[in-house]
Amino acid sequence: MVKPLLQMLLMVGWTFLGIILIYVGLLLFDRLSPIDYRAEIRKGNVAAGVVLGAVILAIAAVVVAVLST
């Protein structure tokens, strides 16, 4: 009975770590990028939204690959 509980706690812990890593990666992208993508999205720029979405997916793919190995 202890093993499933431990596995669930580990799963939740790794999930939180993955979310934190994705958030930090997005903050790093915002700092390094010369364009304020969030302001552009608020103005209605669809291309900025597509770029930011692609960046989030790319960061998430790297984080998943790192956490799964």
What does the accessible area per residue of the chain come to in Å², with a 1.4 Å probe and no ligands, DNA or RNA counted?
80 Å²
How large, in percent, is the carbon and sulfur part of the accessible surface of the chain at a probe radius of 1.4 Å?
77 percent
Between (i) 14.3, 50; (ii) 16.1, 53; (iii) 11.3, 31, which entry matches Rg and Dmax of the Cα atoms in Å as derived from the coordinates of this structure?
(ii)
For a quick protection proxy, order the peptides 34-45, 54-65, 2-13 by their average other-Cβ count within 10 Å, most packed first.
54-65, 34-45, 2-13
Stretched out fully, how many nm does the piece from THR69 to LEU27 gain, at 0.36 nm a residue minus the Cα gap?
12.7 nm
Normalising by the residue count of the chain, find the relative contact order in percent from Cα pairs under 8 Å and 6+ residues apart.
39 percent
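The values are calculated or read from the model by the stated rules, or taken from the named source; none is laboratory data. Quick caveat: nothing in here was measured; it's all calculated off a predicted structure. Every residue, glycine among them, receives a Cβ derived from its backbone with ideal geometry; neighbour counts consider all protein chains shown. The protein model used for the area step is the full one, side chains on, heavy atoms only, and it has no ligands, DNA or RNA in it. Shrake-Rupley method; radii C 1.70, N 1.55, O 1.52, S 1.80 Å.
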